[in-house]
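Structure first, commentary second.
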Amino acid sequence: MKKILFALLALASLVVLVFPVFSSCPYDVNDDGTIDMRDVGIVGQAFGSYPGHSRWNPLADIDNSTKVDMVDVGTVARHFGETC
Ligand SMILES: [Ca+2]
């Protein structure tokens, strides 16, 4: 049982470490190279949603918490103006 738990933790750590490699700019929701009001707007449109909700947009769930909330809005806002 400990080996399985250790393997799951190792896999989770690997996913966290590798994610930035696949997504050079994870806060650029619309993937246009700039984090701006369009990205904030996309997250805002999905605000309060969750999988199955009519406004659900998985791209707006920045922290992958299965809900779009202030954490997601705040995260995109903190990176406002960055380019990638
Ligand atoms: Ca953008």
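The values are calculated or read from the model by the stated rules, or taken from the named source; none is laboratory data. This structure is a prediction, so every number in the text was calculated from the model and none was measured. Positions of Cβ are backbone-derived with ideal geometry, glycine not excepted, and every protein chain shown enters the neighbour counts.
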Counting only residues in region 34-48 that are within 6 Å of the ligand (Cβ to nearest atom) and assigned to a helix (DSSP H, G or I), the one farthest from A60 (Cα to Cα) is identified as R38
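Quick test for you: out of D28, D32, D36, pick the one residue that is at pLDDT 95 or above, on the phi < 0 side of the Ramachandran plot and within 12 Å of the chain's Cα centre (by Cα). Walk me through it before giving the result.
Working: D32 fails: within 12 Å of the chain's Cα centre (by Cα); D36 fails: within 12 Å of the chain's Cα centre (by Cα).
Answer to the selection: D28.
Based on this model, can you work out whether S49 counts as exposed (fewer than 11 other Cβ atoms within 10 Å of the Cβ), at pLDDT 95 or above and over 15 Å from T75 (Cβ atoms)?
Working: exposed (fewer than 11 other Cβ atoms within 10 Å of the Cβ): no; at pLDDT 95 or above: yes; over 15 Å from T75 (Cβ atoms): yes.
Judged against the criteria, S49 is not a match.
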